Amino acid sequence: IRIKGDYRYEIGELASTLNYMAQEIVRSNQIKDDFISSISHELRTPLTSIKGWSETLISGGYDPEETKLGMSIISKESDRLIGLVEEILDFSKLQQNEMKLSIGTVGVQELLKEIILNLWAKAEKRSIRLELEAEDGIYVRGDANRLKQVFLNLTDNAVKFSHEGSSVLLSARRVNEEEAEIVVQDSGIGISQEHLNRVKDRFFQVDSLNGGTGLGLAISQQLVELHGGTMEMDSELGKGTRVTVHLQLTEPLPAVEAPDRVSL
Ligand code: ADP
C-alpha cells in the first residue's frame, strides 16, 4: 500500500497533540486535587467550630450569656457552610450546563443599592466607604437573584482586598442603545499581571489564606456570559482592581396603575 503525502509529518503532529493533551490532563487533575484539598479545609473550619461549640453546650453549666454566644457562633458557621456548599453546587451546575435563569427586568440602580446595603456593615468595620454613581432608569434583562449574586461577589472581593479607610465605587451607565456597563472599582491591593489571567480561572487564589473557594469569579463570569453579557477584569498590583460588566439593556416594566376603586 502506498500512502500519499508525508505521513511522518502527520504522525509527528498527532504525537505532539496527544502529548499536549496528556499534559493538559495532568495539569487539570493537579488543579482539581488542589481544589479538593483547599475546599476540604474550607469546609472543615466551620465544622470544627460547630462541633466544638455544640459539645461545650451539651456538657452544660453555662450561663445564658455564654449559651447565647455559643448558639450564635453555631448559627453563623452553619451559614458559612451553606454558602460554601451552594457555591460548589452552582459551579457544578454551570459546568454541566444545568443552570436555569429566571429572566425578567432588573433595575440596575436598585440592584446596586441592595448590594451596598448588604455589605455596608462589613465595609464599615474596616472604615471602607461604598459609593454609588448610577444613571437613573437603567434596566437590564436578567435573573435578579443571579445578578445580585454576581455583584455581591464582585463587591465583596473589592471590600475584602481594599485597604482600611479606602472606597469602593459601584457605577452604572448606558454605553449605547443596547448595552449597560456596570463597574465595581477598588483601590486595594490589586493583582499582578502574572496572576490576573489565572484568578478568572476556577479555584485560583493569589493567597489561599484569605478563605473562600476561589470559585466566586469563575461563577460570576459564567453567570454574566449566560446572560449574554461580558465581564472583564483590569488590575494593577498595589493600585487596585476594576471589574467591568456589560449587559443587555431593556425597557422598564410599565408601571401598574392603582385602580381608583376596587369592586368586589
Ligand atoms: P474567593 O471566593 O476565594 O475570593 P474569587 O474567585 O472570588 O474566589 O477570587 C479569586 C482570587 O482573586 C481571590 O482569592 C483574590 O486572590 C483575587 N481577587 C479577586 N478579586 C480581587 C480584588 N478586587 N482585588 C484583589 N484581588 C482579588
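Annotations for the structure displayed:
- In the range 145-166 there is no residue matching the filter, namely being at pLDDT below 95, open to solvent by 20 Å² or more (accessible area, probe 1.4 Å) and acidic (Asp, Glu).
- Residue pairs meeting the criteria (Cβ under 6 Å; at least 6 apart or on separate chains; first within 11 Å of the ligand (Cβ to nearest atom), in the range 150-169; second of a type outside the set (Lys, Arg) and open to solvent by 30 Å² or more (accessible area, probe 1.4 Å)): Phe161/Ile189
- The listed residues are Asp79, Asp34, Asp90, and the only one of them that is modelled with pLDDT under 90 and not in a loop (DSSP other than H, G, I, E, B) turns out to be Asp34.
- Residue that is least open to solvent (accessible area, probe 1.4 Å), among those in the range 108-141 that are over 20 Å from Leu247 (Cα atoms) and assigned to a loop (DSSP other than H, G, I, E, B): Ile128
- Test: residue in the range 97-107 that is surrounded by 13 or more Cβ atoms within 10 Å (Cβ to Cβ) and more than 30 Å from Ala255 (Cβ to Cβ): yes
- Selection count where residues are modelled with pLDDT of 95 or more, open to solvent by 100 Å² or more (accessible area, probe 1.4 Å) and closer than 15 Å to Glu178 by Cβ, scope the range 229-261: 0
- Boolean, Glu77 is surrounded by 10 or more Cβ atoms within 10 Å (Cβ to Cβ), over 30 Å from Leu147 (Cβ atoms) and among the acidic types (Asp, Glu): no
The values are calculated or read from the model by the stated rules, or taken from the named source; none is laboratory data. Since the model is a prediction, treat every value here as computed from it, not as a measurement. Here the Cβ is made from the backbone with ideal geometry for all residues, glycine too, and neighbour counts use every protein chain on show. The accessibility values were calculated without ligands, DNA or RNA, using every heavy atom of the protein model including side chains. Shrake-Rupley method; radii C 1.70, N 1.55, O 1.52, S 1.80 Å.
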